[in-house]
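Peer 1: Dropping the structure in here first, questions after.
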Number of protein chains: 2
Amino acid sequence: MQIPQLLNRLVPGLLEVVRHLPYGGRVVTQIVVEQFANRTPPRPRPFSLASDYTSWLSLTDRTFTGRHLPVAVPGTVELPSVDDVLELFRRKPGAEIPSTDTSVMFMFFAQWFTDSFLRTDRHDWRKNTSTQEIDFCQIYGVAESKTRQLREMAGGRMKSQMIKGEEFPAFLFERTAGGASAVKSEFEGLHDAEFLVNVLLRDVSQDQKDLFFAVGLEHGNSTVGSIALDIVFLREHNRIAGILEQEYKLNREQPSWDRGLDPAELDERLFQTARNIMVVLLLKLVVEEYIGHIAPYDPPLELVPAIAEGKDWNRSNWVSIEFNLLYRWHSMVPDWITTDEGKREAKSFLRDNNEVVVARGVEWLIAQCSRSRAGKVGLFNTPAFLVDRKAAEYPAIEERTIALMRAAQLQSFNDYRRRFGMPAVTDFAQVTHDVAIQKRLKDLYKDVDRLEWYVGIFAEEYPDEQFLGDLLTTMVAYDAFTQALTNPLLARNVYNEATFTASGLKIIEETVSLQQVVARNAKSPGKVFASFEC
Amino acid sequence: MQIPQLLNRLVPGLLEVVRHLPYGGRVVTQIVVEQFANRTPPRPRPFSLASDYTSWLSLTDRTFTGRHLPVAVPGTVELPSVDDVLELFRRKPGAEIPSTDTSVMFMFFAQWFTDSFLRTDRHDWRKNTSTQEIDFCQIYGVAESKTRQLREMAGGRMKSQMIKGEEFPAFLFERTAGGASAVKSEFEGLHDAEFLVNVLLRDVSQDQKDLFFAVGLEHGNSTVGSIALDIVFLREHNRIAGILEQEYKLNREQPSWDRGLDPAELDERLFQTARNIMVVLLLKLVVEEYIGHIAPYDPPLELVPAIAEGKDWNRSNWVSIEFNLLYRWHSMVPDWITTDEGKREAKSFLRDNNEVVVARGVEWLIAQCSRSRAGKVGLFNTPAFLVDRKAAEYPAIEERTIALMRAAQLQSFNDYRRRFGMPAVTDFAQVTHDVAIQKRLKDLYKDVDRLEWYVGIFAEEYPDEQFLGDLLTTMVAYDAFTQALTNPLLARNVYNEATFTASGLKIIEETVSLQQVVARNAKSPGKVFASFEC
């Protein structure tokens, strides 16, 4: 981030001192947030994917994905073929570039977290089916009707089952008389049936389906990381609901609650209060542990309630197409996972593999993922199985990304650098020192001013203390902070004991890491290891 | 508003001077807006009609109406019967209390304007079916699909017809072979059919229906004022679309528009741009002419773009139940309308009477309404036909209002005074000098601290230079300013030539009164008279 060499060496030590000062984290957070949240004009943005010019729809209909910059002027840009761009991402066999210090657990958290608000509508690529908020739909579903399908409707709890003495979500499927798998009637309509059958369950066997859990999102069971996190947070929800229920019954600490609630009213209040607490717990982990890892030098960030009050950027969130695209860190997927039972091929171990989750437990799985190193975010590092088309009608993930990027007609890498307050680059050598990559990009784009944004953000070289290139860091920070910190639960008039109860506030204040959440819901808390660093 | 007597006498003269100073209006507006928009904590509010405590739904689901204060603690308040409260509003025969200087045209504008965002859901009283914004749904409908039903889909225009050389919206109904009225197929689904039949068309003859126009809202044809304003603004939309089309064809003034638009693309861009201009025109009339009339001393307010930027209250609008209720100025309906053809009974002349609109024209009607005096907002002044129940299943308007107010379990008049930064009253004599009303209220409520908010705001006495009592003025100003001035079209990054075109900006800047809009769409502009004062 353009810091002189000497200062660069001093920063980590400096941050280590600040970390231990009273209000140190709070001050660092204020500085970091101000640095990024004002990099581009505040919402409302004039444009969205609803129209390329300002219209009532583009200004108000948040089902259409937003955009930071208008479309590139048509015909002004000559672009390389999609296939050529695709090859810029392909990892060569055996040539994985490892990250400096990032675990596979971080990778899974990133996927699981962003799946909740980067929800491209399958029927209309211009739309986003999320609520725009960090709403914990991973476990609560994307609409009130789905939340009710997933709730126990007693004690404020989510539906769950015990398997070998441990708590898991309910199963999604059951076998019919004929032996086929069918979605249980109580979960009908929870997910888009056509999408389940044609896409997600395409290569999934009946036996695998038997172990699929009923969780908030369609993709919940697709990777072991997503389902592990769903399981951990479902347990945490039910744990918190249990604490709140106990306190209500013991007549403690909830002075504002009506003492005469009937069971249905009590269930509702327990559920809603537990959810309030859960959303803020997630925001804490996201800001303090997850963004802390993404930010250069891993600064000691803190979730500061009401930090957005009075700020220009304190406007309701509206996910941009750029945010949707820049978050596709496919190159983090490693070739191998190192488990204490030996190396496992990542491709098969990580996907549609609830068997290992049930057999070995989430804690074992989280520990393996926390010890395995993720790939480095950048070009030439996406595993082949995410690049190669499986069938004509079934494009690979990286292919779909590039198609979406092209459909959105984005302006160039340099246009976005300028938009986010950074000088334009004037030579490919300013993007990366790697001469081979320079040449490859030059062959494709001729002039660095024509470099595509989606390629540029991943081509940009970055030092070990960073996790992403400069423009990518800036853009992800802008969208992340102005989303997370404008969550209504953090508002000055909302973040209080009435919203969370005293015990809820205590849980929020005491929680600073995923490790804690996993441990307090584990059979053997002492053996838990959950880490984004590796 | 607690201004000493001497100052009070100076204010009108002072404002008259300021009105003619450069930036005078702008400065007055900044002062007035700051005065009211910070009277209560900014959104998000913790509560809504979704739940009496903070829940994810109450914080995020804007289909539920918001609320400024939580529900009154149950059982703490003893309230008079609904019938007793109803009688506080009834106007005695022949005892209309006239307003100081407010025309029936103002009354119609208020109704027509607020019908667009105070849309109580008939199927669930806790909900509001509006978009929360001033979106001009009176002529564009409440959803994109309805907008398309109402659009000509050519030249950016709305569907219209010529009657005796003047432009009107299309008719909503047609006669079937059997002679009955049926909604035209192109307008099917535009309005809730059941509501149309069972409520709105209950007492409407086939002949009346023949003259019903296809406009954005169900209620559009219910009063002559609403339909007159719909007609005027439909003409204005089509006039503006025509200007924009001309300029496009002459290759003038729209440098950013693609020169090669096909007819459908051109229609879309013309429509959207005309709508952008129209919404801001409405905001101008609302702030400068309409709120100017409501505010004490009719100050010279100006619509200042971007005035909300950087303000604490610059948050997306969310209509409150209090706003919905306090705006029910039924007492403005006079007993008689004075037309240049003699006195007409208001009850029959004003309602479901498109015949007079078509026969005499909107300009004639607007002139009559601008010369007729409206009733004074307050107790004992609502016409009997809005108080008396027509049938067991068909409660009167004032009855429905009181039922809604009671269902919302609002806190007291004094609670709201405190919430909006005003001292509590300690005696009924501080509410009104009228000893008979004091006694009546004391008989019903015993203690002034128990006075219901909905009764209190209308009981509060106010001097001639005010249009409403102090609390009502403050609350309506808070909700109105924080709604109108946070409209996305006024945002710094949106309010510009790209959004409106140069001609659009010129139209906006030149328009300061309803009189102008009516005149530039009239056959005889010189004869037009449209005024909120009388």
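Readers should treat all values here as calculations from the given coordinates under stated rules, not as data from a laboratory. In this text the structure is predicted, and so the values were computed from the model without any measurement. Counting neighbours? That spans all protein chains shown, and the Cβs are built from the backbone with ideal geometry, glycine included.
Peer 1: Could you list A:PHE168, A:PHE532, B:PHE171 so that the one with the fewest beta carbons within 10 Å of its beta carbon is first and the one with the most is last? Don't skip to the end; give the middle numbers.
Peer 2: Working: A:PHE168 22, A:PHE532 26, B:PHE171 17.
Arranged by neighbour count, lowest to highest, A:PHE168, A:PHE532, B:PHE171 become B:PHE171, A:PHE168, A:PHE532.
Peer 1: Now, a different point. At 1.002 mPa s and 20 °C, plugging the Kirkwood radius over alpha-carbon pairs of the range A:252-401 into Stokes-Einstein gives what diffusion coefficient in µm²/s?
Peer 2: Values: Rh = 20.1 Å.
The estimated diffusion coefficient comes to 106 µm²/s.
Peer 1: Which one, B:GLY456, B:LEU471, B:ILE139, is farthest towards the positive end of the dipole of chain B when Lys and Arg carry +1 and Asp and Glu -1 on their Cβ?
Peer 2: B:LEU471
Peer 1: Count, for each residue of B:483-492, the Cβ atoms from other chains sitting within 10 Å of its Cβ, then give me the mean as a whole number. Each step should come with its number before you reach the end.
Peer 2: Values: counts 0, 0, 0, 2, 3, 10, 6, 1, 8, 4.
If you average over the peptide's residues, the count of other-chain Cβ atoms is 3.
Peer 1: Can you give the alpha-carbon Rg of the range B:1-83 over 2.2 N^0.38 Å, where N counts its residues?
Peer 2: This ratio for the range B:1-83 stands at 1.75.
Peer 1: Give me a comma-separated list of calculated 3J(HN,Hα) values for the range A:410-421, in order, Karplus coefficients 6.51, -1.76, 1.60 applied at θ = phi - 60°, integers in Hz, x for any Gly or Pro.
Peer 2: With the stated coefficients, the range A:410-421 comes to 6, 6, 7, 3, 5, 4, 6, 4, 5, 4, 9, x Hz.
Peer 1: Kindly provide the pair-distance distribution of the protein assembly as shown built from C-alpha pairs, with 10 Å bins from 0 and whole-percent values in order of increasing distance.
Peer 2: 2, 9, 17, 21, 20, 15, 10, 5, 1, 0
Peer 1: Scan chain A for the residue whose Cβ is closest to the axis carrying it onto chain B, then write down that distance in whole angstrom.
Peer 2: A:SER316, 2
Peer 1: Counting only DSSP beta bridges with both residues in the protein assembly as shown, what percent are antiparallel, rounded to the nearest 5? The partial results should precede the final answer.
Peer 2: On the way: 46 of 50 bridges.
Here the antiparallel bridges make up roughly 90 percent for the protein assembly as shown.
Peer 1: Averaged across orientations, what area in nm² does the convex hull of the alpha carbons in the range B:327-413 project?
Peer 2: Details: hull surface 29.4 nm².
Reported value for the Cα convex hull: 7.3 nm².
Peer 1: How large is Rg over Rh for chain B, taking Rg from the Cα atoms and Rh as the Kirkwood inverse mean of 1/r across Cα pairs?
Peer 2: On the way: Rg = 23.2 Å, Rh = 24.4 Å.
Rounded to two decimals, Rg over Rh is 0.95.
Peer 1: Which one of B:PHE380, B:LEU229, B:LEU7 is farthest out on the positive end of the charge dipole of chain B, using unit charges on Cβ (Lys, Arg +1; Asp, Glu -1) and the Cα centre as origin?
Peer 2: Towards the positive end, the residue furthest out is B:LEU7.
Peer 1: Here's a follow-up. Where does each of B:LYS146, A:LYS164 land when they are ranked from fewest to most other beta-carbon atoms within 10 angstrom? Display every interim value, and only then the final one.
Peer 2: Working: B:LYS146 18, A:LYS164 9.
Final ranking by Cβ density, sparse to dense: A:LYS164, B:LYS146.
Peer 1: For chain B, take the longest principal axis of its alpha carbons; what is the angle in degrees between that and the long axis of helix B:435-445, to the nearest 10 within 0 to 90?
Peer 2: The answer is roughly 80 degrees.
Peer 1: Given 20 °C and 1.002 mPa s, how large is the Stokes-Einstein diffusion coefficient of the range A:377-426 in µm²/s, with Rh as the Kirkwood radius over Cα pairs?
Peer 2: Numbers: Rh = 13.1 Å.
Reported coefficient: 164 µm²/s.
Peer 1: Starting from a label point 7 Å past Cα on the Cβ side, list the distances from A:VAL204 to the same position in the other copies, nm, shortest first.
Peer 2: Those separations, rounded to one decimal, come out as 5.1 nm.
Peer 1: Sticking with this structure for a sec: Near the amide H of A:ILE163, under 5 Å away, which other amide H atoms are found, from residues 5 or more places off or on another chain, if H is placed in the peptide plane?
Peer 2: Placed amide hydrogens put A:PHE168 under 5 Å from A:ILE163.
Peer 1: So what is the calculated 222 nm ellipticity per residue for chain B, using -39500 (n - 2.57) for each DSSP H run with n of 4 or more, over all residues, to the nearest 500 deg cm²/dmol? Working shown, then result.
Peer 2: Working: 21 runs with 216 residues, N = 534.
My calculation for chain B gives -12000 deg cm²/dmol from helical runs alone.
Peer 1: For the range A:42-49, in order, what is each residue's ³J(HN,Hα) by Karplus, 6.51 cos²θ - 1.76 cosθ + 1.60 with θ = phi - 60°, in whole Hz (x at glycine and Pro)?
Peer 2: Whole-Hz 3J(HN,Hα) from phi for the range A:42-49: x, 4, x, 8, x, 10, 8, 6.
Peer 1: Still on this model: Below 15 Å, Cα to Cα, which aspartates and glutamates can B:LYS164 reach? Residues fewer than 8 away in the same chain don't count.
Peer 2: B:GLU355, B:GLU363
Peer 1: Then there's this: As I understand it, the value is the acute angle between the Cα axis of helix A:104-114 and the longest principal axis of the Cα atoms of chain A; what does it come to in degrees, rounded to 10?
Peer 2: Once rounded, the angle reads 80 degrees.
Peer 1: Using alpha-carbon pairs under 8 Å, 6+ residues apart, how would you state the relative contact order of the range B:437-534 in percent? Numbers along the way, then the final one.
Peer 2: Values: 36 pairs, mean separation 9.8, N = 98.
Averaging sequence separation for qualifying contacts and normalising by length gives 10 percent for the range B:437-534.
Peer 1: Here is a follow-up. Which whole-Hz ³J(HN,Hα) couplings does the range B:149-165 yield from phi under the Karplus relation 6.51 cos²θ - 1.76 cosθ + 1.60, θ = phi - 60°, glycine and proline marked x?
Peer 2: 5, 8, 7, 5, 6, 7, x, x, 8, 8, 4, 8, 9, 9, 10, 6, x
Peer 1: Can you give the Rg and Dmax of the range B:51-106 based on its C-alpha atoms, in angstrom?
Peer 2: My reading of the Cα-based Rg and Dmax gives 19.0, 51 Å.
Peer 1: Amide H of A:ARG91: which non-local residues (sequence gap of 5 or more, or other chain) have their own amide H closer than 5 Å, using H built in the peptide plane?
Peer 2: Placed amide hydrogens put A:ASN381, A:THR382, A:ALA384 under 5 Å from A:ARG91.
Peer 1: How crowded by other chains is A:493-506, given as the mean number of beta carbons from other chains within 10 Å of each beta carbon? The partial results should precede the final answer.
Peer 2: Details: counts 9, 8, 2, 2, 0, 5, 6, 1, 0, 0, 0, 0, 0, 0.
Rounded to a whole number, the mean comes out at 2.
Peer 1: Defining the label point at 7 Å along Cα→Cβ, can you sort the distances from A:ALA264 to the same site in each other copy, shortest first, in nm?
Peer 2: 4.9
Peer 1: Right, something else. Would you compute the Debye intensity of the range A:243-299 from its alpha-carbon atoms alone, equal scatterers and no solvent, and pass along log10 I(q)/I(0) at q = 0.15, 0.16, 0.22, 0.23 Å⁻¹ to two decimals?
Peer 2: For the range A:243-299, the Cα-only Debye profile gives -0.56, -0.60, -0.82, -0.86.
Peer 1: Hey, what did chain B get for relative contact order, percent, Cα under 8 Å, at least 6 apart? Intermediate results must be reported in sequence, preceding the final value.
Peer 2: Numbers: 841 pairs, mean separation 131.6, N = 534.
Reported as a whole number, the value is 25 percent.
Peer 1: Quick one: angle between helix B:263-284 and the longest Cα principal axis of chain B, in degrees between 0 and 90, rounded to 10, please.
Peer 2: 30
Peer 1: Additional query: About its Cα centre, how strong a charge dipole does the range B:392-442 have in debye, to the nearest 20, once Lys and Arg get +1 and Asp and Glu get -1 at the Cβ? Show your work: numbers first, answer last.
Peer 2: On the way: 8 positive and 6 negative charges, 47 e Å.
Approximately 220 debye in magnitude.
Peer 1: Taking each pair of distinct Cα atoms in the range A:413-534 once, what is the resulting Kirkwood hydrodynamic radius in Å? Please list the in-between numbers first.
Peer 2: Working: mean 1/r = 0.0545 Å⁻¹.
It works out to 18.4 Å.
Peer 1: Now, a different point. What percentages make up the Cα-Cα pair-distance distribution of the range B:441-496 when the bins are 5 Å wide from 0?
Peer 2: In whole percents, the pair-distance histogram is 4, 16, 17, 15, 14, 11, 8, 7, 5, 3, 2, 0.
Peer 1: Mind checking which of B:ALA193, A:ALA346, B:TRP56 is farthest towards the positive end of the protein assembly as shown's charge dipole, using Cβ charges of +1 (Lys, Arg) and -1 (Asp, Glu) about the Cα centre?
Peer 2: B:TRP56
Peer 1: If you don't mind, there's one more thing I want to ask. For a quick check: sort B:CYS137, B:CYS534 by the number of other beta carbons within 10 angstrom, fewest at the front.
Peer 2: On the way: B:CYS137 22, B:CYS534 19.
Fewest-to-most Cβ neighbours within 10 Å comes out as B:CYS534, B:CYS137.
Peer 1: Sequence-distant or interchain residues sharing an amide H contact under 5 Å with A:PHE173, placed H: which?
Peer 2: Amide H neighbours of A:PHE173: A:LYS184, A:PHE212.
Peer 1: What pairs from B:LYS284/B:LYS311; A:LYS146/A:LYS184; A:LYS127/A:LYS439; B:LYS284/B:LYS527; A:LYS146/B:LYS311; A:LYS92/A:LYS343 go past 25 Å between their alpha carbons? Don't skip to the answer; put the middle values down first.
Peer 2: On the way: B:LYS284/B:LYS311 20 Å; A:LYS146/A:LYS184 14 Å; A:LYS127/A:LYS439 37 Å; B:LYS284/B:LYS527 23 Å; A:LYS146/B:LYS311 37 Å; A:LYS92/A:LYS343 20 Å.
Where the Cα-Cα span goes over 25 Å, the pairs concerned are A:LYS127/A:LYS439; A:LYS146/B:LYS311.
Peer 1: Per q in 0.15, 0.22, 0.29 1/Å, what log10 I(q)/I(0) does a Debye calculation on the alpha-carbon atoms of the range B:95-134 return?
Peer 2: Values returned for q = 0.15, 0.22, 0.29 Å⁻¹ are -0.52, -0.74, -0.94.
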